[in-house]
1. Mind checking which pairs have a first residue in segment 36-51 that is under 11 Å from Thr88 (Cβ atoms) and a second that is among the hydroxyl-bearing types (Ser, Thr, Tyr), Cβ under 7 Å, 6 or more apart or different chains?
2. What are the residues in segment 10-39 that are modelled with pLDDT of 60 or more and of a type in the set (Asp, Glu), if any?
3. Please indicate, with yes or no, whether at least one residue in segment 59-74 is touching a strand residue (DSSP E or B) at 6+ places or on another chain (Cβ under 6 Å), among the small types (Gly, Ala, Ser) and closer than 12 Å to Phe46 by Cβ.
4. Restricting to segment 59-70, name every residue that is more than 13 Å from Val25 (Cα to Cα) and without any contact (Cβ under 8 Å) to a residue 40 or more places away in the chain.
5. Since Leu55 meets every condition but one in (1) outside any helix (DSSP H, G or I); (2) among the hydrophobic types (A, V, I, L, M, F, W, C); (3) modelled with pLDDT of 90 or more, which condition does it not meet?
6. Go through segment 28-51 and report how many residues are of a type outside the set (Asp, Glu) and either surrounded by fewer than 19 Cβ atoms within 10 Å (Cβ to Cβ) or over 11 Å from the mean Cα position of the chain (by Cα) (or both).
Amino acid sequence: MINAVAPRGPQDADHFRHINGVGRVNLIFAATTRYDEANRAYFATFISLRHQQLLDAIPELEDVRTVGVLLTLRSDSRRLWDTAMAATQGNQGFTPEDRTELEGIWPSPYDR
């Protein structure tokens, strides 16, 4: 699983903000320094994992949707930002091995 989202180098910088609209939409904003297929996969995996962690923490939210918005600075002066979106709903089907590996990168915020 992790091979789909790695490797990432020191040139990558990510910042995440999470807004939990309990019962409606779990909204996650992120900004990164560059956008490519590896970062798209990295972000989509992060969104899926955070969604599953929320469902595990609060099973009553089985119908909630998690939506992630990724902002990337542009370097061509056409506009300041590019945006990408990832959305998911329901059980993500991670294997226990996948969860262990991914939570080694992104521990659950609900276990604190």
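The values are calculated or read from the model by the stated rules, or taken from the named source; none is laboratory data. Since this is a predicted model, take the numbers as computed values, not measurements. Don't worry about glycine lacking a Cβ; one is built from the backbone with ideal geometry, like all the others, and counts go over all protein chains shown.
1. Partner pairs satisfying both residue conditions: Ile47/Thr66; Ile47/Thr88; Ser48/Thr88; Arg50/Thr66; His51/Thr66; His51/Thr88.
2. Across segment 10-39, the qualifying residues are Asp36, Glu37.
3. Yes - at least one qualifying residue is present in segment 59-74.
4. Pro59, Glu60, listed by residue number.
5. (1)
6. 9
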